[in-house]
Amino acid sequence: DQESDPIQYQVLLDGAVLVDWNTSKTQSWTPTTAQTGLHTLTGKAQDGYGGSDEKQAEVYVVRPPVQHP
């Protein structure tokens, strides 16, 4: 933010909240077996003065993560 305003972030997975509004810039998502396939991730950002932006990315989950012993 050019004015150094505090920023909050939200992440949506296919329109459903994956990570609710908070100030952390980093988030993680570990897909489940049921989530194999095409998904839309939406990242939203807003400051306390009405400024906001949103970006979307399509991701394709090929397989769930390999579980190591």
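For the chain, the spread of Cα coordinates along the three principal axes comes to 45, 26, 17 Å, biggest extent given first. Residues whose amide H lies under 5 Å from that of LEU18, counting only those 5 or more places away or on a different chain, are VAL11, LEU12, LEU13; hydrogens are built 1.01 Å from N in the peptide plane.
For the chain, with all protein chains in place and a probe radius of 1.4 Å, 50% of the accessible heavy-atom surface sits on carbon or sulfur.
The values are calculated or read from the model by the stated rules, or taken from the named source; none is laboratory data. Owing to the predicted nature of the structure, the values given are computational and were not obtained by experimental measurement. To get the accessible areas, we keep the full protein, side chains included, count just its heavy atoms, and leave off ligands, DNA and RNA. Shrake-Rupley method; radii C 1.70, N 1.55, O 1.52, S 1.80 Å.
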